[in-house]
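Trainee: Sharing a structure here in structure tokens format.
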Amino acid sequence: HAREPMKERDESGTTQTIDRRGVNAYRALRDLAGEILVSDDVENALNRCGALVQELLQADACSVALLDQRAGALVPLLTMAGGRSADIPPLSLQMLDGRLLKAIKESRPLIVAHGAIIDGDIPLPLTEAQSALTAMLLPLPVREGMSGILWIGRIHGEPFNAEELDLAETIAAMVALAIRSLSTQRRNHDESRRDPRTGLLDAAL
């Protein structure tokens, strides 16, 4: 007999196909990687990364930023909420919490799980005003001497699980690939065509 597709039954007895979110996520990431490698519009690629973050991780908002040590600021390359992107000015590092800043500089992840920040195995209690937030802060593996972050947030959402953390790290690698491509392309453009945000990238290269 031919093998039947894997199926499961819910409580009502209705036959349903197995959840294919994992397969769909793989296909979306594969397509995104192909776009990044051949595209000459890297800002669009970053927007696609942000859209995938919100779609695959059911996030309300996300941000991609590079750390400018000389200016003492985080320089946003992408800020997206509700499927729409916005231009945000650089954020002074003086406005960041000490633990958060240390994680950014040391390129290590942090997870905000409602009432606490999880830094390794150490929970740091948060104020009541922050307890509705679930978020991940992931380092971007751009290159040596260049630090960046991918921030992903949910409002009133469930804490991120291990599978979602793995998926977010994969997307972070895609973001880093897009930034490398942005760096290379901007070096080949005339000064008149350069985006001011890429001065940080040029300096690091």
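The values are calculated or read from the model by the stated rules, or taken from the named source; none is laboratory data. This one's a predicted model, so the numbers in the text were calculated from it and none came from an experiment. Here the Cβ is made from the backbone with ideal geometry for all residues, glycine too, and neighbour counts use every protein chain on show. For the accessible areas, the whole protein counts, side chains as well, though only heavy atoms, and no ligand, DNA or RNA atoms are used. Shrake-Rupley method; radii C 1.70, N 1.55, O 1.52, S 1.80 Å.
Trainee: Among the strands (runs of 3 or more DSSP E) lying completely within the stretch 1-111, list those that include at least 1 residues that are of a type in the set (D, E, K, R), at pLDDT 75 or above and touching a helix residue (DSSP H, G or I) at 6+ places or on another chain (Cβ under 8 Å).
Mentor: Numbers: elements: 7-9, 15-17, 61-68, 73-81.
Because the criterion is at least 1 residues that are of a type in the set (D, E, K, R), at pLDDT 75 or above and touching a helix residue (DSSP H, G or I) at 6+ places or on another chain (Cβ under 8 Å), the strands (runs of 3 or more DSSP E) in the stretch 1-111 that meet it are 61-68.
Trainee: A follow-up question, please. Of CYS62, CYS49, which residue is buried (at least 17 other Cβ atoms within 10 Å of the Cβ), touching a residue at least 40 places away in the same chain (Cβ under 8 Å), under 16 Å from GLU169 (Cβ atoms) and touching a Phe, Trp or Tyr at 6+ places or on another chain (Cβ under 9 Å)? Walk me through how you get there before you give the answer.
Mentor: On the way: CYS49 fails: touching a Phe, Trp or Tyr at 6+ places or on another chain (Cβ under 9 Å).
When all the criteria are applied, what remains is CYS62.
Trainee: Are any of the residues in the stretch 99-114 more than 27 Å from GLN69 (Cα to Cα) and not polar (S, T, N, Q)? Break it down into steps so the answer makes sense when it comes.
Mentor: To start, the set of residues in the stretch 99-114 that are more than 27 Å from GLN69 (Cα to Cα) comprises 113-114.
Filter once more, so that each one left must be not polar (S, T, N, Q): 113-114.
Looking through the stretch 99-114, at least one residue is more than 27 Å from GLN69 (Cα to Cα) and not polar (S, T, N, Q).
Trainee: For the stretch 90-117: of the residues being open to solvent by 70 Å² or more (accessible area, probe 1.4 Å) and in contact with a strand residue (DSSP E or B) (Cβ under 8 Å, 6 or more places away or on another chain), which is farthest from ASN47 (Cα to Cα)?
Mentor: Within the stretch 90-117, the first condition is being open to solvent by 70 Å² or more (accessible area, probe 1.4 Å), and the residues that meet it are 90, 94-95, 97, 99, 102, 105-106.
Pick out the ones that are also in contact with a strand residue (DSSP E or B) (Cβ under 8 Å, 6 or more places away or on another chain) and you get 90, 99, 105.
Values: PRO90: 18, ARG99: 28, LYS105: 25 Å.
Going through the qualifying residues, I end up with ARG99.
Trainee: Among the residues of the stretch 153-168, how many are in contact (Cβ under 8 Å) with a residue 40 or more places away in the chain and within 14 Å of the chain's Cα centre (by Cα)? Give the derivation first.
Mentor: If we filter the stretch 153-168 for residues that are in contact (Cβ under 8 Å) with a residue 40 or more places away in the chain, which is where we start, we get 153-155, 157, 159-160, 164-165, 167-168.
From the residues that got through so far, the ones that are within 14 Å of the chain's Cα centre (by Cα) too are 153-154, 160, 164-165, 167-168.
Adding up the residues that qualify gives 7.
Trainee: Do you know which residues across the stretch 125-147 are part of a strand (DSSP E or B) and surrounded by 13 or more Cβ atoms within 10 Å (Cβ to Cβ)? I'd like the intermediate steps shown before the answer.
Mentor: Looking only at the stretch 125-147, we keep the residues that are part of a strand (DSSP E or B), and these are 125, 133-139, 143, 146.
Of everything in the stretch 125-147, those that are part of a strand (DSSP E or B) and surrounded by 13 or more Cβ atoms within 10 Å (Cβ to Cβ) turn out to be LEU133, THR134, ALA135, MET136, LEU137, LEU138, PRO139, ARG143, MET146.
Trainee: Does ILE171 satisfy the condition of being more than 18 Å from LEU77 (Cβ to Cβ) and in contact with a Leu (Cβ under 8 Å, 6 or more places away or on another chain)? Step through it out loud before you land on a result.
Mentor: Numbers: more than 18 Å from LEU77 (Cβ to Cβ): no; in contact with a Leu (Cβ under 8 Å, 6 or more places away or on another chain): yes.
Taking the combined requirement at face value, the residue does not satisfy it.
Trainee: Next question. Look at LEU124 and say whether it is modelled with pLDDT under 85 and under 25 Å from ALA51 (Cα atoms).
Mentor: Details: modelled with pLDDT under 85: yes; under 25 Å from ALA51 (Cα atoms): no.
So LEU124 does not fit the description; no.
Trainee: Given the structure, is LEU150 without any contact (Cβ under 8 Å) to a residue 60 or more places away in the chain and open to solvent by less than 70 Å² (accessible area, probe 1.4 Å)?
Mentor: Values: without any contact (Cβ under 8 Å) to a residue 60 or more places away in the chain: no; open to solvent by less than 70 Å² (accessible area, probe 1.4 Å): yes.
The answer is no for LEU150.
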